[in-house]
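The values are calculated or read from the model by the stated rules, or taken from the named source; none is laboratory data. Owing to the predicted nature of the structure, the values given are computational and were not obtained by experimental measurement. Heads up, the Cβs are rebuilt from the backbone with ideal geometry, glycines too, and the neighbour counts pull from every protein chain shown.
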Amino acid sequence: MPADALWMLAAAALFLALARVGVGRDASPRRKAMAAALLAVAGVGVLHLAGGWRRGHDLTEAGRASLPPAAVRALRGLRGPIALDVWLDRDDSRRRQMESDVLAKLRLARPDAAIRFPLDARADPAEAAAEDGYGRTVVRVGERRGETYSASRREIVTVIFETAGAPLPSWWQPTYPGYPLVPSGRARRWAALAAYGLAPGGLLVAGLWITRRRRRS
């Protein structure tokens, strides 16, 4: 999560700053102690803010870590808070699937969405697997409520829009070409020329030029 990475960067910067103060030779021990105390106070505040940072950015090609573009725009346009209560134990494979897929993508689209796991507060959450209602995801949009037992990305997003009383947007997503990318036509000819002609030829010319300079000197 972005908050975890930001927190680790802030913590590393804080410890480096404290180490720099500690190894300094120009300041007296009293000044070092005061500087370390100020850094510690400021660092705790920065770590607190970093831990609560919820915004993230999808830098993957074709936005593969996000929901479809139309769904992202529509989710951001929904009025009112969005909250999901996922009634799954932390050891349940469906929960791990949701956390790495739909919940992560929902956080990218709506960083303010509240995602809760009520069973985590129990002393023995595994016992809840035998109870009625286990496995459901309760969706709240404003004052409205909906639920589903599916862990599917599209189903959960559909329930969010149904609960909000909004139409489901287009689910079209840019095609991901996959790798290794095999060029064809003119692109393939240019790639072959660069890989088997220009690159080796450039290295050969550079080698000859360097060798001649050494011989002359």
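Here are the numbers:
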read-out: Pro125 being more than 30 Å from Arg79 (Cβ to Cβ), touching a residue at least 24 places away in the same chain (Cβ under 8 Å) and under 28 Å from the mean Cα position of the chain (by Cα); value: yes
read-out: Pairs where the first residue, in segment 56-67, is more than 15 Å from Ala5 (Cβ to Cβ) and modelled with pLDDT of 80 or more and the second is among the β-branched types (Val, Ile, Thr) and not in a loop (DSSP other than H, G, I, E, B), C-beta under 8 Å, 6+ apart; value: Ser66/Val72; Leu67/Val157
read-out: Count of segment 28-55 residues which are modelled with pLDDT of 75 or more and touching a helix residue (DSSP H, G or I) at 6+ places or on another chain (Cβ under 7 Å); value: 7
read-out: Subset tally (residues that are small (Gly, Ala, Ser) and surrounded by 15 or more Cβ atoms within 10 Å (Cβ to Cβ)) for segment 153-183; value: 2
read-out: Flag for Arg186 being exposed (fewer than 10 other Cβ atoms within 10 Å of the Cβ), of a type in the set (Lys, Arg) and within 24 Å of Glu61 (Cβ to Cβ); value: yes
